[in-house]
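Down below is the structure, laid out as structure tokens.
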């Protein structure tokens, strides 16, 4: 899985099953982050690189919970 931000960022999975930042070559750690959409913030804990701060948003999260929240906010 990978995530895309201002610069292309790709993560990989190491032999121990951990996500690794390919830019910094360090394992991602769960980090509190704020997802923003239509001026609404949602605190969540997501894997992020402790060096560069890039956050991994999985396809399941983006197409599942986040999409559901987006639709609910747009209907208001």
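Readers should treat all values here as calculations from the given coordinates under stated rules, not as data from a laboratory. What you see is a predicted model, and the numbers here were worked out from it, not measured in a lab. Virtual Cβ from ideal backbone geometry, glycine too; neighbours counted across all protein chains shown.
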The simple spin-label model distance between residue 36 and residue 23, using points 7 Å out along Cα→Cβ, in nm, is 1.8 nm
Where does each of 58, 12 land when they are ranked from fewest to most other beta-carbon atoms within 10 angstrom? 12, 58
Using 0.36 nm times the number of residues separating residue 44 and residue 12, minus their current alpha carbon distance, what extension gain do you get? 9.4 nm
Proxy reagent accessibility, fewest Cβ within 10 Å first, across 13, 44: 13, 44
Kindly put 49, 24 in sequence by how many other C-beta atoms sit within 10 Å of each C-beta, fewest to most. 24, 49
